[in-house]
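Student: The structure is given below, and queries will be raised subsequently.
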Amino acid sequence: MSPRSSSVRSARLGPLARGWTRALLALVLALLWPLRPSLALDPERVALVKAGFIVKFPEFVEWPKGADQAPLQICVAGPSELTAALRSVALHLRYRDAQPSVRQLGNSEAPTGCQLLFIPGQRSGDLAGILAGLAGRPVLTVGDTPGFAERGVHINLLTQGDRVRFEVNSAALEASSLSASFRLLEMARSINR
């Protein structure tokens with residue numbers, strides 16, 4: 001293919017379509033292609049891969065009727081290195097025909113209006129209180145700290161060697177009136193506590 005025909009095809013797509021295509025390709029590669037050992041040490045890359053998982057999880061979770069209204073509100077429970085990566089990934093995705101929004105909460109701020117709450121590791125000491133405040137509410141909780149799923153977080157991301165994996169606490173999901181799709185459970189390590 002000549003350089004000219006390549007640029008003509010790109011021009012037909014338009015700037016928005018090219019950006020969307022690049023973002024979608026990057027997300028697919030990030031989710032499906034494991035981190036190479038050289039990338040495992042790059043915190044920015046790891047953050048983008050984790051953000052890609054977090055933003056896509058709602059597509060594999062069933063909420064009670066009316067609880068998953070668009071636009072999806074993703075909240076971060078306090079300061080986190082993933083906030084910027086979540087905002088970046090959310091800019092290029094749609095959930096139920098609307099762009100998800102990402103909001104960073106203050107340490108004592110309640111997650112009002114949030115459908116997904118990311119709980120960073122630095123909130124480990126507050127985890128029991130955060131989860132107690134959400135008891136019975138259909139808010140998907142996601143963490144990235146070893147032991148969080150066992151302590152009641154619905155989905156927990158883990159970096160194992162050169163890969164990002166996740167575990168799902170099905171019992172905690174059910175207690176929040178949420179359910180994970182078979183496809184999500186098939187890819188996860190299951191925690192039933």
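Student: Could you count how many residues in region 85-117 are over 12 Å from the mean Cα position of the chain (by Cα), more than 22 Å from residue 153 (Cα to Cα) and assigned to a loop (DSSP other than H, G, I, E, B)?
Tutor: Total meeting the criteria: 6.
Student: Now for a different question. Output yes when any residue across region 69-81 is in contact with a Leu (Cβ under 8 Å, 6 or more places away or on another chain) and part of a loop (DSSP other than H, G, I, E, B), and no when none is. Lay out the reasoning, then the answer.
Tutor: Let us first name the residues in region 69-81 that are in contact with a Leu (Cβ under 8 Å, 6 or more places away or on another chain), namely 72-78.
With the extra rule that they be part of a loop (DSSP other than H, G, I, E, B), the set shrinks to 72, 78.
The answer is yes; a qualifying residue exists.
Student: Could you tell me whether residue 165 is assigned by TED's automatic domain parsing to the domain that holds residue 53 and in a strand (DSSP E or B)? Please lay out each step first, then the result.
Tutor: Details: assigned by TED's automatic domain parsing to the domain that holds residue 53: yes; in a strand (DSSP E or B): yes.
It is true that residue 165 is assigned by TED's automatic domain parsing to the domain that holds residue 53 and in a strand (DSSP E or B).
Student: Checking the structure you have, find out if any residue of region 162-172 is surrounded by 20 or more Cβ atoms within 10 Å (Cβ to Cβ) and farther than 22 Å from residue 49 by Cα.
Tutor: Yes: region 162-172 contains one or more residues that are surrounded by 20 or more Cβ atoms within 10 Å (Cβ to Cβ) and farther than 22 Å from residue 49 by Cα.
Student: Right, something else. Take residue 137 and decide whether it is of a type in the set (D, E, K, R), in contact with a Ser or Thr (Cβ under 7 Å, 6 or more places away or on another chain) and assigned to a loop (DSSP other than H, G, I, E, B). Give the derivation first.
Tutor: Details: of a type in the set (D, E, K, R): yes; in contact with a Ser or Thr (Cβ under 7 Å, 6 or more places away or on another chain): yes; assigned to a loop (DSSP other than H, G, I, E, B): yes.
So residue 137 passes the test.
Student: Could I ask something else about it? Any residue that is of a type in the set (Lys, Arg), over 24 Å from residue 175 (Cβ atoms) and in contact with a Pro (Cβ under 9 Å, 6 or more places away or on another chain) - is there at least one of those in region 71-89?
Tutor: So far as region 71-89 goes, no, none of its residues is of a type in the set (Lys, Arg), over 24 Å from residue 175 (Cβ atoms) and in contact with a Pro (Cβ under 9 Å, 6 or more places away or on another chain).
Student: Given the conditions (1) touching a residue at least 40 places away in the same chain (Cβ under 8 Å); (2) more than 20 Å from residue 59 (Cβ to Cβ); (3) under 16 Å from the mean Cα position of the chain (by Cα), and given that residue 145 satisfies all but one, which numbered condition is not satisfied?
Tutor: (1)
Student: If you don't mind, another one. Please identify the pairs in which a residue from region 73-85 that is under 11 Å from residue 120 (Cβ atoms) has its Cβ atom under 7 Å from the Cβ atom of a residue that is assigned to a helix (DSSP H, G or I) and polar (S, T, N, Q), counting only partners at least 6 apart or on another chain.
Tutor: Every condition considered, the pairs that remain are 76/83; 78/122.
The values are calculated or read from the model by the stated rules, or taken from the named source; none is laboratory data. Owing to the predicted nature of the structure, the values given are computational and were not obtained by experimental measurement. Note: ideal-geometry Cβ built from the backbone for every residue, glycine included; neighbour counts use all protein chains shown.
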